[in-house]
């Protein structure tokens, strides 16, 4: 039986709803952590399977495990909202009940946060596994620097919530999990906590994310995910510009979609908003942060190329193309972004280079 300190450094929140099939693998992965000063707070969201029996077995053998049992199913946002004030740890790690933490996950993230007090939100690379635990997709990368994560979180999610560790104080100060956000609650949370401090990600695989038919991301209709994601985008842009953008404009620049803009008018307005946000981001980087500005420029160019790909075959594209080209030219000429020398951003996308040359 592991000993638990009165004030563990880390609390791991495990939100569970009817995932008995995977729960033991999840909890076993926490028992196998090289870092030991943590507690596990399992929030059972009204499960009707034998999840609670499994959790109680762990509690009997390891005092680091605690259970909060909700009488009925409220949803994962509510479960995490309830859990946050009950956490004893200075740092809070998230692990969904169907995912797996690799053995050094907590150790590496604690070391990083200890060494970087300005960072309030920390993610990592991840792998995708199936129901049997077999790897379906190897190392999946995410943005790792503050400016890259900040840009992506403004326009769409880029982090896996099971990879996240954050500072409890910052989480409470930003309002924690908003119960009104039923879907994409993680992206909403990120967009608020990064107003308090910096974000980062460790470029190593520290968790395995399980893809299966009952997982939240598959069970929820994409239209519902997009609906909440667009509201989060609108709020994030408003917090930066003090201007509210319409849903159709937000949709035109939403990063995590393949849907084209509704028409050229919304597209043009979206291009104007993109460069406005970029200007604000660019100005916020100190004069000594040339690398951050370079990475920010790379974020915008990749964003623009993604937007081009999903809109170029639309009937209105000839009307909107000039606004897109002008945004690219502003980035390259006004901000002197040497995209052809940005190996960090485009090392895997060399096929883009001839295309960009033709645009100029």
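The values are calculated or read from the model by the stated rules, or taken from the named source; none is laboratory data. Quick caveat: nothing in here was measured; it's all calculated off a predicted structure. Cβ: placed from backbone, ideal geometry, glycine included. Neighbour counts: every protein chain shown.
Assorted remarks:
- Residue 53 satisfies every condition listed in (1) within 16 Å of residue 12 (Cα to Cα); (2) without any contact (Cβ under 8 Å) to a residue 60 or more places away in the chain except (1).
- The stretch 47-71 - residue that is in a loop (DSSP other than H, G, I, E, B) and surrounded by 17 or more Cβ atoms within 10 Å (Cβ to Cβ) and, of those, farthest from the chain's Cα centre (by Cα): 62
- Annotation: of all residues in the stretch 72-82 being within 23 Å of the chain's Cα centre (by Cα) and in contact (Cβ under 8 Å) with a residue 40 or more places away in the chain, the one that is nearest to residue 181 (Cα to Cα) is 77.
- The set of residues in the stretch 144-165 that are over 23 Å from residue 289 (Cβ atoms), at pLDDT 95 or above and touching a helix residue (DSSP H, G or I) at 6+ places or on another chain (Cβ under 6 Å) comprises 161, 165.
- For the stretch 104-159, filtering for residues that are farther than 25 Å from residue 301 by Cα and part of a helix (DSSP H, G or I) leaves 11.
- Residue 74 being part of a loop (DSSP other than H, G, I, E, B) and surrounded by fewer than 23 Cβ atoms within 10 Å (Cβ to Cβ): yes
- Taking every residue in the stretch 159-176 that is outside the structural domain of residue 100 (by TED's automatic domain parsing) and pairing it with any residue that is part of a helix (DSSP H, G or I) and surrounded by 21 or more Cβ atoms within 10 Å (Cβ to Cβ), at least 6 positions away or on another chain, yields no pair with a Cβ-Cβ distance below 9 Å.
- In the stretch 295-308, the residues that are not assigned by TED's automatic domain parsing to the domain that holds residue 146 reach residues that are outside any helix (DSSP H, G or I) and surrounded by 20 or more Cβ atoms within 10 Å (Cβ to Cβ) with C-beta atoms within less than 6 angstrom, at least six apart or across chains, in these pairs: 297/337.
- Among (1) at pLDDT 95 or above; (2) closer than 24 Å to residue 198 by Cα; (3) surrounded by 19 or more Cβ atoms within 10 Å (Cβ to Cβ) - the single one residue 271 does not satisfy: (2)
- Residue check: residue 251 meets all listed conditions (1) touching a helix residue (DSSP H, G or I) at 6+ places or on another chain (Cβ under 7 Å); (2) surrounded by fewer than 18 Cβ atoms within 10 Å (Cβ to Cβ); (3) within 22 Å of residue 188 (Cβ to Cβ) but one, namely (2).
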